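Notes follow once the structure below has been shown.
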Amino acid sequence: MVLSPENLRVNNQEKFSELAEKQLSENSNSDKLFQGSVLRHLLAQTKMISQIISYIWLYAESDPLAKQARHWFQNPTKNFDKLENPTVADKLPSLAKLMGAKPQEQNIYGEFLSKVFPDIKDKSKGLYNFPIFNKHDIESGIVLFKTDAATANGYIQDPTPNSPNVLTVVIAFPACPQFSEATLTKEELSGWLNNRDSSNYTPDNSYIPVTF
């Protein structure tokens, strides 16, 4: 039997429909799995940013890189790099460049991340995937970063009529409380910094900032 082009098209459509229906029945929870994956990624971002801030709080007085990173968070729209003939990406704020960096990169942002996460410098571990935010989204201006020193709970601002395609991530960056048993101890902060439990996304102590 010879099939016409029209019959072949219809036959292929029927096969495609049968295959799609089979895949849908076999993966009835695919949407839930996808949503869970997106949520897990957001929670991972929350944890990584919180642990970066924990490192700054612990070592800003002893580690020059931590002290420098503190300035990035305190001045989220400023570029601290002094480069000749900078590219558009080079002109981004230092905080944005940190959010788009990887620990293995040979620059100040990669070096800092490798200090915060020394055990995952060369390879992602569990929920730790770098960069924290998509570099293209940062460089194209889809995502912007601000910090808020008046809160310990950061958030994402909805797009506005003036910036309909931009998400603004507001990172909580309050002053570090005086270490004490009544607020936060160095042991608690260090414990959270080194926490690699993939099922634990937020610190137990409410003085440690979280975002989202």
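Here are the numbers:
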read-out: Amide hydrogen neighbours beyond the local backbone of LEU144, cut-off 5 Å, H modeled; value: LEU167, THR168, VAL169
read-out: Sorted peptide list for 173-185, 46-58, criterion being average Cβ within 10 angstrom, highest first; value: 46-58, 173-185
read-out: Sparsely packed trypsin sites (Lys or Arg not before Pro) within segment 70-100, loop by DSSP, other Cβ within 10 Å at most 13; value: LYS78, LYS82
read-out: Distance between modelled label sites at ASP81 and ARG40, nm, 7 Å Cα→Cβ extension; value: 3.2
read-out: Distant-in-sequence amide H partners of ALA172 (H built 1.01 Å from N, under 5 Å); value: ASP148, GLY154, TYR155
read-out: Gain in span if fully extended, ILE142 to THR202, counting 0.36 nm per residue against the direct Cα distance; value: 19.0 nm
read-out: Antiparallel content of DSSP bridges confined to segment 30-211, in %, to 5; value: 35
read-out: From phi via Karplus (6.51, -1.76, 1.60), per-residue ³J(HN,Hα) for segment 129-136 in Hz, x at Gly/Pro; value: 10, 10, x, 5, 10, 4, 5, 5
read-out: Stokes-Einstein D for segment 137-212, Kirkwood Rh over Cα pairs, 20 °C, 1.002 mPa s (µm²/s); value: 150
read-out: Neighbourhood charge, 10 Å Cβ-Cβ cut-off, centred on LEU83 and excluding it, Lys, Arg +1 and Asp, Glu -1; value: -1
read-out: Calculated FRET value between GLU181 and GLU111, using beta carbons and R₀ = 35 Å, to 0.05; value: 0.55
read-out: Overall Cα dimensions of segment 56-171 - principal axes, largest extent first, Å; value: 42, 37, 31
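Read the figures in this text as sums done on the coordinates, not as results from a lab. Note that the coordinates shown come from a computational prediction; the quantities given were computed from them, not determined experimentally. Quick reminder, even Gly has a Cβ in these numbers, built from the backbone with ideal geometry, and neighbours come from all protein chains shown.
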